[in-house]
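Accompanying notes for the structure given below.
The values are calculated or read from the model by the stated rules, or taken from the named source; none is laboratory data. From a predicted model like this one, the values you see are computed outputs, not experimental measurements. When we count neighbours, we look across all protein chains shown, and the Cβ atoms used for this are built from the backbone with ideal geometry, even at glycine. Heavy atoms of the whole protein, side chains included, go into the accessibility calculation; ligands, DNA and RNA do not. Shrake-Rupley method; radii C 1.70, N 1.55, O 1.52, S 1.80 Å.
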Protein chains: 2
Amino acid sequence: MIAETPQPPYYAVIFSSIRTEVDNGYSEMADLMVELASEQDGFLGIESAREGVGITVSYWKDLESIRKWKQHSEHIVAQQKGRGEWYKHYKVRISKVERDYEF
Amino acid sequence: MIAETPQPPYYAVIFSSIRTEVDNGYSEMADLMVELASEQDGFLGIESAREGVGITVSYWKDLESIRKWKQHSEHIVAQQKGRGEWYKHYKVRISKVERDYEF
């Protein structure tokens, strides 16, 4: 459940969101996006939880792979439905992981 | 629920964790740590959700404020109890937020 990422540096995209009440295929699309993201070049892993706020952190090799995923045609459809129906508010933060440690 | 952070750059500490079955004061300590963190110099905000995996992202002005919070005496006690009782596995990633956008 915790992504097994390589040694830093690599990138983390922190996607924080507040959902609307609308379902309308949300879960299926969320699952599909995880599946599709994991097939992209440069994808390193993903972690996700929702409890009031939803937090999905996806890990990527570099900014170029993040940019390509953002522009993936099926992902663009999901982003449009997200803004139109599923999310009241979201924030995306692109960050460079400089250091990590674990227990 | 989504942290209102300033313009990048700033830092995100991504804390991903898997809990044990042990409660023993976990929720109280978690609440206390959020309260205490938010009083520290350089603290910018926090977001947290648990759903299988727990993800807590705290935002900080710089590496120095992250270092000081890690070494805060009450936080050290919490870290020790975390490793001894509450967490099976956790991973901490220190990352620099370079860009953000929201809807």
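Taking 25 Å as R0, compute the FRET efficiency from the Cβ-Cβ separation of A:GLN40 and B:ARG99 and round it to 0.05. The pair A:GLN40/B:ARG99 has a calculated efficiency of 0.85.
Share of pairwise Cα-Cα distances greater than 20 Å in the protein assembly as shown is 57 percent (whole percent). Phi-derived couplings, Karplus 6.51 cos²θ - 1.76 cosθ + 1.60 at θ = phi - 60°, listed residue by residue for the range A:23-30: 8, 6, x, 4, 4, 4, 5, 4 Hz, with x used for Gly and Pro. Estimated at 0.36 nm per residue, the fully extended path between B:ILE76 and B:GLU28 surpasses their Cα-Cα distance by 15.7 nm.
Within straight-line reach of B:LYS70, meaning a Cα separation under 16 Å, sit the following aspartates and glutamates at least 8 residues removed in sequence or on another chain: A:ASP100, A:GLU102, B:GLU35, B:GLU39, B:ASP41, B:ASP62. Counting only residues at least eight positions apart within a chain, or on another chain, the lysines with an alpha carbon under 18 Å from that of A:LYS68 are A:LYS96.
Dividing the helix sum by the residues of chain A, where each DSSP H run of 4 or more adds -39500 (n - 2.57), gives a mean residue ellipticity at 222 nm of -8000 deg cm²/dmol. In terms of overall dimensions, the range A:10-97 has a Cα radius of gyration and Dmax of 12.5, 35 angstrom. Tally up the carbon and sulfur contribution to the accessible surface of chain B as a whole percent, 1.4 Å probe, everything protein left in place. Using a 1.4 Å probe with all protein chains present, chain B comes out at 50 percent carbon and sulfur.
Rounded to the nearest 20 debye, the dipole magnitude of the protein assembly as shown is 540 debye, with +1 charges on Lys and Arg beta carbons, -1 on Asp and Glu beta carbons, and the Cα centre as origin. Assuming charge only on the beta carbon of Lys and Arg (+1) and of Asp and Glu (-1), the dipole of the range B:10-97 about its Cα centre is about 520 debye to the nearest 20.
Total buried accessible area between B and A, probe 1.4 Å, nearest 100: 4000 Å².
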